Structure formats: C-alpha cells, structure tokens
Amino acid sequence: MEYITLKNSELNVSRLCMGGCPMGRYGWGTVNEDDLIETVHTALEKGVTFFDTADTYGLGQSELTLGKALGNHRKEVAVATKFGVRVGGGKTVYDNSPEWIREALEGSLKRLNTDYIDLFQVHYRDEKTPIDIVVDTLEKMKEKGYIRYYGLSNIHKDDIAELLPFKGRFVSMQDEYSLACRKNEEDMFEISKQLDVTPLTWGSLGQGILTGKYTKDNIHFGNDDRRSRDIYVNFHGDKLIKNLAIVEEMKKIAQKYNKSVAAVAIRYILDYLPESVVLCGVKRPEQIVENVEGTGWRLSEEDIKILEEVSR
Ligand SMILES: NC(=O)c1ccc[n+]([C@@H]2O[C@H](COP(=O)([O-])OP(=O)(O)OC[C@H]3O[C@@H](n4cnc5c(N)ncnc54)[C@H](OP(=O)(O)O)[C@@H]3O)[C@@H](O)[C@H]2O)c1
C-alpha cells in the first residue's frame, strides 16, 4: 500500500480509499451486508486506512454499515463523510446552512458510531449560504473536536475565486476522474494547485466498466441498478463503445505487468494525478484485493502515453 498525508493536515491515509456508495445498498444492484463487512475487514488487512461515505448513500445505510464493520478498528483508520444534500419528502435539495451542517454532523456521528469524523466534506455547494459562513461553522466543529479536517467535493474552476481566501483550510477536493471520464482533469489540476488541496477521485473505475469484466453483450443492469439509466453514460451508446476500446488497451498493459485491469485503471490515476487518492466502490472482498493490486508499482511513461492517447 502507498500512503499520503493530505495537504495542510496531519491526516496520513492510504492512496486507495474504499468508497462507500455500494455500501448504501441502494441503486447498485444486489449488495449483501455480510459481504460488505467482510470487504471492510479485508481492506484493513490489505493496509487500506481510508474509507469514504456520505449521509445520503442509502439514506444513512452506508454510514451505519461502515460504523458496524469498523467496530474496534475505528481509531486505526480515517473516516471521510459528506454533508450538504438533504433528501426527504420526494425532494433533494442542497443545503450548506449552519443548521443543516450541525444536524448532518449529529446524524453521521451517530450512524458511524464515532465521536469524530476525520474528513467532513461539502458534498455539493448550495447557492445561498456564503462560503465564510460554511467555513466558520466547520471551524467551530473542529474546535470542539467533532471533526478533524474538512474538504470539498464537486467544485469546478469557476469556484476558485470564491474559495481562494480560505486556501489552507480545506484539505481535499473530490471529483469524478478516470480513464473513462477526463472532463474534470483540467479543473482538478487547477483547483488542487491553486487551493493547495489533495485531489480525491471518484468513479475511478468508471463505475465498473474499467475493470474489464463488462462486454457489449453482458451488460444487463436491473431497475435497481442506476447504471441501467442513460445518465450513467459509461455504459451507454458511443461512450460505451469508446470505453470498451480503452479496456482493450488496458488488457494488454495489465498482461504485461501481470496485474488486473482494475489495477491498471487505479495505477493510471495514481501515476498521472500527482499526490492523489483514488476512491473505488467495492461490494465483495475479492474486489478490494484486486484493487489493492493497483498500488506499489508504476506504469512506464510509454504505457501512460498509450492510455492517454486512447482515452482522450
Ligand atoms: N463526491 C461525490 O459526489 C461522489 C460521487 C460518486 C462517488 N463518490 C465516492 O467515490 C467512490 C467510488 O465511486 P463509485 O463507487 O461511484 O464508482 P467506481 O469506484 O468507479 O466503481 C465501483 C463499482 O465497480 C465495481 N468494481 C469495483 N472493484 C471491482 C473489481 N476489482 N472488479 C470488478 N468490479 C469491480 C463494483 O460494481 P459491480 O461489481 O456491480 O460492477 C463497484 O460498485 C464511491 O463509492 C464514493 O465513496 C463520491
């Protein structure tokens, strides 16, 4: 495993972070709680010390399962969760108000069965709460010891000017990034440089397409799997065709290094985005074992170039 200290913090974490989306057990097809708990334990054995979740994943289910799975191991790891999205009454609204941040924190602490959150992230910015109010609320939580650090998520280059006065306060930013999704690349480079934050990538396996197990003919997601919907572009239309072409190149490279295709997807990000952390959602122990194979080696410059060319 490789480890990194997040910018402007003393938070040292594994560069592979176990993502908690599937742990919400909603919208990801059939996922079994016993498997998830075993997956967390396997992750710990393999040196994973960073776990990401959100209050919205399965409406709290992901945090509950993570808290249960970590049990006595809580202090050995860093737990990241997110706030800022309120779901209820058939509506989803972004809310960064101090009242909602406090309520969200209380709920997350309870579900995770912990006294503190290592990294509390603004899941999405709302359009009404001034950023200084958000920072002030988070600073007070930090002073009280409820959170250790705070971070950003789903922000873009246009947000830099507003956030610049708070450089050094936020330690990280999350956005979608993978060989299947390069649209945020420039923003991630720019934001991490200008705001001095560690980039954390989500959808790092292209929601599964970059693992090499899907072909044009074996993609049959049920209604309980969000990837059946067109907005999950990686599995539909021209984008799917392009992704399968990327996977063909990845397979050749994986064979050369005797690694899994998923490991190549992860390695590419670790090598290409300096000082990044890769988040991968996992459902079963064998998936985390395979993903850990993405750490501890490097791709050659030549192979990085091949992957870059096929994925642009
Ligand atoms: N900040 C945000 O707004 C945001 C948004 C989305 C996600 N995230 C975070 O980022 C994490 C990663 O993103 P993601 O979970 O959406 O997508 P992802 O990591 O790209 O893909 C996860 C899916 O890939 C499949 N998979 C994983 N490892 C595999 C392996 N070794 N072999 C075969 N299949 C494998 C699993 O699904 P199947 O087995 O069903 O194919 C798994 O659910 C999330 O879990 C969450 O913590 C953050």
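The numbers here are math on the coordinates, done by the rules we state, and not lab data. None of the values given here were measured: they were computed from a predicted structure. All Cβ positions, even for glycine, are placed from backbone atoms using ideal geometry, and neighbour counts span all protein chains on display.
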Calculated diffusion of region 3-311, Stokes-Einstein form, Kirkwood radius summed over Cα pairs, 4 °C and 1.567 mPa s, µm²/s = 66 µm²/s
Would you mind working out the magnitude of the charge dipole of region 192-312 relative to its Cα centre, with +1 at each Lys and Arg C-beta and -1 at each Asp and Glu C-beta, to the nearest 20 Debye?
-> 240 debye
Can you flag which of 68/110; 7/68; 46/251 are past 18 Å Cα-Cα?
-> 7/68; 46/251
Please list 220-229, 105-114 highest first by mean number of surrounding beta-carbon atoms within 10 Å per residue.
-> 105-114, 220-229
For residue 255 and residue 226, what does the FRET efficiency come to when R0 = 22 Å and r is the distance between their Cβ atoms, rounded to the nearest 0.05?
-> 0.10
Among 231, 288, 133: highest mean-square fluctuation, GNM of the chain, C-alpha pairs under 10 Å | 231
Along region 182-198, what does the Karplus equation 6.51 cos²θ - 1.76 cosθ + 1.60 (θ = phi - 60°) give for ³J(HN,Hα), rounded to whole Hz, x for Gly and Pro?
-> 9, 5, 9, 4, 4, 4, 5, 4, 5, 5, 5, 6, 6, 9, 6, 10, 7
